[in-house]
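The values are calculated or read from the model by the stated rules, or taken from the named source; none is laboratory data. The structure displayed is predicted, hence computed values, not measured ones. Cβ placement follows ideal geometry from the backbone for every residue including glycine, while neighbour counts extend to all protein chains displayed. In case anyone asks, the SASA skips ligands and DNA or RNA and just uses the protein heavy atoms, side chains included. Shrake-Rupley method; radii C 1.70, N 1.55, O 1.52, S 1.80 Å.
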Amino acid sequence: MAQIPGEVDNMEGLPASNNNNLATRWESPDRGWEREQPAASTAAASLFECSRIKALADEREAVQKKTFTKWVNSHLARVGCHIGDLYVDLRDGFVLTRLLEVLSGEQLPRPTRGRMRIHSLENVDKALQFLKEQRVHLENVGSHDIVDGNHRLTLGLVWTIILRFQIQVIKIETEDNRETRSAKDALLLWCQMKTAGNYPEVNIQNFTTSWRDGLAFNALIHRHRPDLVDFSKLTKSNANYNLQRAFRTAEQHLGLARLLDPEDVNMEAPDEKSIITYVVSFYHYFSKMKALAVEGKRIGKVLDQVLEVGKIIERYEELAAELLAWIHRTVGLISNQKFANSLSGVQQQLQAFTAYCTLEKPVKFQEKGNLEVLLFSIQSKLRACNRRLFVPREGCGIWDIDKAWGELEKAEHEREKLELLAQRFDHKVAMRESWLNENQRLVSQVQGVGCPAVEAAMKKHEAIEADIAAYEERVQGVAELAQALAAEGYYDIRRVAAQRDSVLRQWALLTGLVGARRTRLEQNLALQKVFQEMVYMVDWMEEMQVPGGGRGCGWSARREGRMQTLKALTDSWSWRGKGRDRRR
């Protein structure tokens, strides 16, 4: 963007030529040709040229006054003010102060009340001082010039204000983005850029004759608002119609004050400052329209993002509500469902539960993950727009879903726990029955003959008793598992009860066998000791009967016979005790 400098090239001149300028232009550089003409003819030609220049100057001044007056009124209308005569209504400084406040947007010093000349000079001086503070160059313009109604300097002051607040702010993009242009050249370049290519009959080279046919004004309007102008129906030869159409369209549809009339432009030498003043109003309007369009696009983009986020939020809340409803419904089904009374019914229930675990639940778990991603996307978009983060309505947050999902898994665990409990019961029953059978076999073994053998059997039996006593708690655990299954309403509780009773019967049988075996062992051990004493007694009696107290050769045979007899008696006693155990 190239910033336009504060001064405008060759545009600071005053609107009308003074007498000195007229005198300068009266004197032609070619004095030799004039000397060759007759004195009377030369005087007549010079007088004609002087009057023609004076007429053109007056004509331009009149156009400028009309244009500047309309321009001032177009801005004063925003504060409810209006002037009729530019030269008269600016003299007291009140209107000038209001105009500068409207254009700058700043508050100027309060005007001094009063109708005296000194009051007007003070007010105008305040306005001029404000312009100087805005770095506006005022050459040969004093407060007394404006208060006295000096036409040339009043127009010059208004033109300076137009330059400062309307033209100096123009910024034009160039290809190299380095070129600095004057305000006039920047505005001319903008007009050329807007009318290039699509309008072959429009060739804007200046701010005078290039606008006479009215096509340039219509091209500017058509370039930005093609709906307002049918440019194909305009012809170069119909200048007044073109100008009238452009000015009326700009006033009615664009709201631009009609600063010019067709006759002000369709003339031999249109006033450059007046045309610039009018064209710059087009520039500001269309620049503002472009800025509004850009802002509208930005707002539209923001609105699109808001709508997009709104749709995502609606989608999130919908999916969250559906998932939560499914979780609550499933928890109710799992928690309240009782096992069927038949094996086929239980198998169907187990198949349904398996299908839920392998097919239905994984899909819902994926939906739960998608909801988390969706919520993250919503929050990211809101952060990008610098908007407040989304807070799901009560009961639909991710934390609520996590909590409900935990309740679902808890219900599943409770459902699975019953089956696991039954499996654990069956496993323990099998282990207990195997152990009971093995220990019953050990307890039923026949003890050895003789006192040493019986003593060894007694020690082994004591170890068996200690093992069995320690095992009682495990057997009781089977009964507790069966009781828990019964409390949960397990469908096969009859089988469970039968297995429990079987284990308890075998346990009772084992404990009875252990007690009986101990009794037999104790009795057998006592009997063995009695027989041992009897043998010792018999041997002692026999020794006493033999002369000399010695033992003969038959002593050993006799003792062996007694021992065989003792063994036979012991075996007979053992089998009788075993028979009693069987009857028990």
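When 82, 137 are checked against the criterion of being of a type outside the set (A, V, I, L, M) and either more than 24 Å from residue 250 (Cα to Cα) or crowded, with 17+ Cβ neighbours inside 10 Å (or both), a single residue qualifies: 137.
Among the residues of segment 37-55, some residue qualifies, meaning at least one is modelled with pLDDT under 90, assigned to a loop (DSSP other than H, G, I, E, B) and either touching a helix residue (DSSP H, G or I) at 6+ places or on another chain (Cβ under 9 Å) or at negative phi (or both).
Yes/no matrix, rows are residues, columns are (1) surrounded by 15 or more Cβ atoms within 10 Å (Cβ to Cβ); (2) of a type outside the set (Phe, Trp, Tyr); (3) at pLDDT below 70; (4) not assigned by the TED database to the domain that holds residue 464:
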residue: 509; (1), (2), (3), (4): no, yes, no, no
residue: 513; (1), (2), (3), (4): yes, yes, no, no
residue: 516; (1), (2), (3), (4): yes, yes, no, no
residue: 519; (1), (2), (3), (4): no, yes, no, no
residue: 528; (1), (2), (3), (4): yes, yes, no, no
residue: 549; (1), (2), (3), (4): no, yes, yes, yes
residue: 554; (1), (2), (3), (4): no, yes, yes, yes
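No other residue among 562, 505 is at pLDDT 60 or above, out of contact with any Phe, Trp or Tyr (no Cβ under 7 Å at 6 or more places or on another chain) and assigned to a helix (DSSP H, G or I) apart from 505.
Please verify whether segment 356-372 includes one or more residues that are modelled with pLDDT under 80, over 21 Å from the mean Cα position of the chain (by Cα) and either open to solvent by less than 50 Å² (accessible area, probe 1.4 Å) or charged (D, E, K, R) (or both). Among the residues of segment 356-372, at least one is modelled with pLDDT under 80, over 21 Å from the mean Cα position of the chain (by Cα) and either open to solvent by less than 50 Å² (accessible area, probe 1.4 Å) or charged (D, E, K, R) (or both), which makes the answer yes.
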